Amino acid sequence: MDIVEVSELRVEPAKAVAATGNTSESLARVLRGPVRRRTPPRLRVFFLRQLRQCGEVSLAAKRTGVPLSTVYRWRQRDPRFRGHWDTILLQRRQIVEDRLMAIIREGELRSVCHKGLEVGWRRTFTHLASIRALDYLERRTAEKMSHHVSHSGAAPEAEKPAESAA
């Protein structure tokens with residue numbers, strides 16, 4: 001057999017199968033539907049999904065394939081996107097707080113080893129790491145709230161009439 005015969009054998013069965021349309025490839029192509037383009041609205045939705053999964057902005061941007069500066073520009077320009085972003089981060093914070101509170105309440109299980117073998121389990125209660133993490137989250141939230149657009153000088157004025165009525 002020479003090279004021409006081998007190439008003819010490879011091409012002819014592919015043409016015959018494509019004409020009948022019974023391959024799994026063609027079926028998969030049809031079921032996938034049209035090619036989805038990477039438009040900015042779709043990228044925003046994909047970014048928000050990644051942010052919900054990992055909880056880290058830089059990692060979500062990397063998984064999406066969008067530069068971090070673009071993500072922050074979207075956040076600055078689009079109030080709906082910013083609202084979704086803030087909601088997701090707030091949910092993630094609540095999850096972290098709940099987990100930390102469970103660790104404080106129930107402790108952590110750690111294995112006990114003797115001579116290189118695991119011989120049992122021990123429940124330990126470490127409050128310092130949990131308290132430090134909560135303190136870090138609180139400081140981070142306070143920093144973001146002080147820079148947030150909606151927390152301007154108009155908010156305290158709206159609260160003053162309610163205080164005088166009480």
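Odds and ends about this structure:
- In this label model, Leu137 and Arg123 are separated by 2.2 nm, measuring between points 7 Å along each Cα→Cβ vector.
- Computed over region 35-132: relative contact order in percent, which uses C-alpha pairs under 8 Å that are six or more apart: 17
- Val96, Val119 arranged by Cβ crowding within 10 Å, fewest neighbours leading: Val119, Val96
- Put in line by how crowded their Cβ is, counting other Cβ atoms within 10 Å and starting with the fewest, Cys54, Cys113 read Cys113, Cys54.
- Alpha-carbon radius of gyration plus Dmax, which is the widest Cα pair, for region 35-132 in Å: 19.8, 60
- A straight line joining the Cα centroids of region 44-86 and region 102-135 runs 34 Å.
- Residue exposure proxy: Trp74, Trp121, ordered by other Cβ atoms within 10 angstrom of their Cβ from fewest to most, comes out as Trp121, Trp74.
Values in this text are rule-based calculations from the coordinates and carry no lab data. None of the values given here were measured: they were computed from a predicted structure. Every residue, glycine as well, gets a Cβ built from its backbone with ideal geometry; the counts of neighbours run over all protein chains shown.
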